[in-house]
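Trainee: Encoded as structure tokens, here's the structure I'll be asking about.
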Amino acid sequence: LPTSTVTVTPNNPVFTGETVNLKCEIKSDHRNWRYEWYKGIDSVMLQTSDHYTVNKNTLTIRGATESDQGQYWCKGQRNERPKSSQSSSKVSLTVT
């Protein structure tokens with residue numbers, strides 16, 4: 001399966017109130033990926049809200065708070081084969 005990686009801007013640590021962008025890059029020639037974002041030990045799938053927005057392959061956290069601290073990772077899904085990518089390695093976000 002294709003591999004995926006997450007990059008975070010700005011670099012850790014981020015400060016409360018900042019906007020954070022996490023970008024998911026899937027190493028693949030295939031197109032039409034839908035990006036899923038997960039957080040924490042219990043692998044909660046993040047839903048779009050006022051706080052989290054997903055635009056193509058980027059998850060934006062607006063007004064970071066200490067509760068946003070934790071591990072994030074992404075995964076791609078498609079309708080055709082390959083139907084998914086591997087989960088990316090986990091990225092730790094520190095909010096101070």
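The values are calculated or read from the model by the stated rules, or taken from the named source; none is laboratory data. Computed from a predicted structure; not experimentally measured. Cβ coordinates were reconstructed from backbone atoms using ideal geometry, including for glycine residues, and neighbour counts include every protein chain displayed. The area values use the complete protein model at the heavy-atom level, side chains included, leaving out ligands, DNA and RNA. Shrake-Rupley method; radii C 1.70, N 1.55, O 1.52, S 1.80 Å.
Trainee: Using a 1.4 Å probe on the protein heavy atoms, what percent of the accessible area of the chain belongs to carbon and sulfur? Walk me through the numbers before you get to the answer.
Mentor: Working: 2730 of 5750 Å².
Reported share for carbon and sulfur atoms: 47 percent.
Trainee: Further, regarding this structure: Name the residues whose placed amide hydrogens come within less than 5 Å of the amide hydrogen of LEU46, ignoring near sequence neighbours (fewer than 5 apart) on the same chain.
Mentor: Sorted by chain and number, the residues that satisfy this are TRP37, TYR38, LYS39.
Trainee: When the Karplus curve 6.51 cos²θ - 1.76 cosθ + 1.60 is applied with θ = phi - 60°, which whole-Hz ³J(HN,Hα) does each residue of the range 76-90 get, with x for Gly and Pro?
Mentor: Calculated HN-Hα couplings, in order: x, 10, 9, 7, 9, 7, x, 6, 8, 9, 5, 5, 6, 6, 7 Hz.
Trainee: Tell me which lysines have Cα within less than 16 Å of LYS27's Cα, excluding those fewer than 8 residues away on the same chain?
Mentor: Correct list for LYS27: LYS56, LYS75, LYS83.
Trainee: Give me the percent relative contact order of the chain, please, defined on Cα pairs under 8 angstrom at least 6 residues apart. Don't jump to the answer; show the numbers that get you there.
Mentor: Values: 216 pairs, mean separation 37.1, N = 96.
So the answer I get is 39 percent.
Trainee: Report ³J(HN,Hα) in whole Hz for each residue of the range 3-18, in order, from the Karplus equation J = 6.51 cos²θ - 1.76 cosθ + 1.60 where θ = phi - 60°; Gly and Pro get x.
Mentor: 9, 10, 9, 10, 10, 10, 10, x, 5, 4, x, 9, 9, 4, x, 6
Trainee: With the other protein chains left in place, how much accessible area per residue, in square angstrom, belongs to the range 1-76 at a 1.4 angstrom probe?
Mentor: Numbers: 4560 Å² over 76 residues.
Value returned for the range 1-76: 60 Å² of accessible area per residue.
Trainee: Solvent-accessible area of VAL6, probe 1.4 Å, all protein chains present, reported in Å² to the nearest ten, please.
Mentor: Looks like 20 Å² after rounding.
Trainee: Figure the gain on full extension for MET45 and ASN11 (residue separation times 0.36 nm, minus the Cα-Cα span) and round it to one decimal in nm. Write down the numbers at each step before the final one.
Mentor: On the way: separation 34, 0.36 × 34 = 12.24 nm, distance 2.28 nm.
Extra length available between MET45 and ASN11 comes to 10.0 nm.
Trainee: Which one, ILE41, SER4, GLY70, is farthest towards the positive end of the dipole of the range 1-92 when Lys and Arg carry +1 and Asp and Glu -1 on their Cβ?
Mentor: Of ILE41, SER4, GLY70, it is SER4.
Trainee: Any chance you could get the radius of gyration and Dmax over the Cα atoms of the chain, in Å?
Mentor: Cα-based Rg and Dmax for the chain come out at 13.2, 42 Å.
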